[in-house]
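S.K.: Sharing a structure below in structure tokens format, with a few things to ask.
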Amino acid sequence: MPIPLKIDIVSDISCPWCLIGYRTLLQALDNLGGQVLADIHWMPFELNPNLPAGGQDITEHIQQKYGASAAQSQGARKALSERAAEVGFAFNFQERSRIYNTFDAHRLVHWAAEQGKQTALKLALFDLYFCHGGNPSNLQDICKTVGDTALDAAEALTILQSNRYAAEVRQQQEDVRDREIYAVPAFIINDQFLISGAQTVDVFERYLNKLTKKLLAEKTSILRTRDSSFRVFSTKN
């Protein structure tokens, strides 16, 4: 029988490593050959909560935030493209010239969870930004993306024109901070374990194997590891 795992992925729509991490996780789960039954949810994280309404030129943003030169930014994009290709995804960096605030998009992802389409909308928003250069803070762009996932675009517009789900998203962001998660992607498993970063397929497989063996052997035992990218929040009684 497969081991059920609840996996909460803390991520931002404008984070390329979050998309790579998700697709790498899926590949690892597939390689485990049905040993794990994953129930995936998405938790909000804003990399740039203070961006203006029109966003910012991405090259300018990276230079200001990270002090990266144009050559360093180009090298980072090359590394991202190579990692993405390994998991079957292609970034369109030529189309993605600006970076935007993503809070409203997170509100809709929260709403989509109630409709059973959270992952579908999250992935569609990734495509909007990384493949088509769309604006995940623009009402028209978001509502079209919602419609493409068979969700109600009219209801989405009503939500965006209100403060609906704002409190819920803020609370989830606070929950993430309480867990001392300050970078994404982060993968919270069974509300107890944390895998940090866009790990490689073999690393995800190793961690998941440890977890399944632990859960099969003794639920109250503490999984110990020296790897800083994996830690235990607490032990269940």
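S.K.: Just subtract the alpha-carbon distance of ASP57 and GLU180 from 0.36 nm times their residue separation and send over the number in nm, one decimal.
M.R.: Length gained, ASP57 through GLU180: 41.3 nm.
S.K.: Find, among the chymotrypsin sites (Phe, Trp or Tyr not before Pro) in segment 168-210, those assigned to loop by DSSP (not H, G, I, E, B) with at most 15 other beta-carbon atoms within 10 angstrom.
M.R.: Of the chymotrypsin sites (Phe, Trp or Tyr not before Pro), the ones in loops of segment 168-210 whose Cβ has at most 15 other Cβ atoms within 10 Å are TYR182.
S.K.: Hey, another quick one. Using DSSP, restrict attention to beta bridges with both residues in segment 1-147 and report what percent are antiparallel, rounded to the nearest 5.
M.R.: 20
S.K.: Quick one: angle between helix 118-130 and the longest Cα principal axis of the chain, in degrees between 0 and 90, rounded to 10, please.
M.R.: 50
S.K.: May I pose another question? Longest segment of the chain with no trypsin sites (Lys or Arg not before Pro) in a DSSP loop having at most 13 other Cβ atoms within 10 Å?
M.R.: 1-218
S.K.: Running a GNM on the chain with Cα contacts under 10 Å, which residue among ALA153, ALA167, ALA112 ends up with the highest mean-square fluctuation?
M.R.: The residue with the greatest mean-square fluctuation here is ALA167.
S.K.: Within a Cβ distance under 11 Å of LEU128, other residues only, what is the Lys/Arg minus Asp/Glu net charge?
M.R.: Around LEU128, the charge tally is -1.
S.K.: Dipole of the chain, Cα-centred, from +1 at each Lys and Arg C-beta and -1 at each Asp and Glu C-beta, to the nearest 20 debye?
M.R.: Here the size comes out at about 700 debye.
S.K.: While we're on this one: Amide H neighbours of TRP42 under 5 Å, at least 5 residues apart or on other chains, H built in the peptide plane: list them.
M.R.: For TRP42, the qualifying residues are ILE9.
S.K.: A follow-up question, please. Taking Cβ-Cβ under 4.7 Å as the only way to count a partner, pick out the unpartnered cysteines of the chain.
M.R.: That list is CYS131, CYS143.
S.K.: Would you tally the net charge around LEU29, using a Cβ to Cβ cut-off of less than 14 Å, leaving LEU29 out, and scoring K and R as +1, D and E as -1?
M.R.: Neighbourhood net charge equals -1.
S.K.: Moving to a separate point now. Once fully extended, how much extra length lies between GLU86 and LEU215, figured as 0.36 nm per residue of separation less the alpha-carbon to alpha-carbon distance?
M.R.: Length difference between fully extended and current span is 43.4 nm.
S.K.: Which is the longest part of the chain that has none of the GluC sites (Glu not before Pro) sitting in a DSSP loop with at most 10 other Cβ atoms within 10 Å?
M.R.: It works out to 1-179.
S.K.: Given contacts defined as C-alpha pairs under 8 Å and at least six residues apart, what's the relative contact order of segment 1-85, whole-number percent?
M.R.: Value for segment 1-85: 37 percent.
S.K.: Between GLN192 and ASP148, how high is the FRET efficiency from 1/(1 + (r/R0)^6) when r is the Cβ-Cβ distance and R₀ = 30 Å? Nearest 0.05.
M.R.: Calculated value: 0.25.
S.K.: How many angstrom separate the Cα center of segment 55-91 from the Cα center of segment 120-157?
M.R.: 23
S.K.: With θ set to phi - 60° and the Karplus curve 6.51 cos²θ - 1.76 cosθ + 1.60, what are the ³J(HN,Hα) couplings of segment 179-195 in order, to the nearest whole Hz, using x for Gly and Pro?
M.R.: Running phi through 6.51 cos²θ - 1.76 cosθ + 1.60 with θ = phi - 60° gives 8, 6, 9, 10, 9, 10, x, 9, 10, 9, 10, 6, 6, 10, 10, 10, 10 Hz.
S.K.: Label point 7 Å out from GLU168 along Cα-to-Cβ: which residues of segment 37-61 have amide N under 17 Å?
M.R.: Those under the cut-off are 40-45.
Bear in mind these aren't lab numbers, they're just calculated from the coordinates by the rules spelled out. What you see is a predicted model; the values in this text were computed from it and never measured. Ideal geometry is used to build each Cβ from the backbone, glycine not excepted, and the neighbour counts take in all protein chains shown.
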